[in-house]
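Beneath this line is the structure, given in structure tokens, with notes to follow.
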Amino acid sequence: MEKVLIVYYSSTGNTQAMAEAVAQGVKEVGGEVDLYSVSDVASLDLDTYDAYGLGCSAMGDEVLEEAEFEPFFNELLPKLGDKKVVLFGSYGWGDGLWMRNWTEVCTQNGVNIAHEYVIANDAPDEEALNKCRELGKTLV
């Protein structure tokens, strides 16, 4: 059974809703999932997971949240190896540049992106939540 870690940063609850949908997708296909806000992962052994769902809303000038999420991601990046990873998040302005940049960083570092990212403008609608469930299923 695949053990999946989903970590997210959400300032408005939109990306949290997406993370919960990704977790639901993992469960629907029989995977084991742990779901955490980035502020709660400090004590976890990140090496014990087979796959990762990473979610972060766009901040400022379309960048990852810099105080908690970006440092977490930078620490995790060398540990990802060939493990399956999916990315998701919400935004309130712009066109998704932060997600394209984040995906590029992953690709340049050899991360195994298991499925195209999912983004939602503000609150995720049912279509976005369904896509997030599909993300979760690809991790198992």
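The numbers here are math on the coordinates, done by the rules we state, and not lab data. In this text the structure is predicted, and so the values were computed from the model without any measurement. All Cβ positions, glycine included, derive from the backbone under ideal geometry; neighbour counts span all protein chains shown.
Worth pointing out:
- Amide proton proximity set for Gly53, modelled H, under 5 Å, gap of 5+: Leu5, Ile6, Val7, Val86
- Both radii are taken from the alpha-carbon atoms of the chain; with Rh as the Kirkwood radius, Rg/Rh is 0.92.
- For the residue pairs Lys3/Lys84; Lys3/Lys137; Lys3/Lys131, the alpha carbons lie more than 18 Å apart in Lys3/Lys131.
- Positive dipole terminus of the chain, leading residue within Ser43, Gly31, Met18 (C-beta point charges): Gly31
- Residues in the range 95-108 carry Karplus couplings, in order, of 9, x, 4, 4, 6, 4, 5, 5, 4, 4, 4, 4, 4, 5 Hz; the curve used is 6.51 cos²θ - 1.76 cosθ + 1.60 with θ = phi - 60°, and Gly or Pro positions show x.
- Distant-in-sequence amide contacts of Val33, defined by a placed amide H-H separation under 5 Å and a gap of 5 or more residues or a different chain, comprise Val4.
- Evaluated with a Cβ-only charge set (Lys, Arg +1; Asp, Glu -1), the chain carries a dipole of roughly 380 debye about its Cα centre, given to the nearest 20.
- Value at 222 nm in deg cm²/dmol, rounded to 500, when DSSP H runs of n ≥ 4 in the chain each add -39,500 (n - 2.57): -10500 deg cm²/dmol
- The range 77-140 and the range 1-71: distance between their alpha carbon centers, rounded to Å: 10 Å
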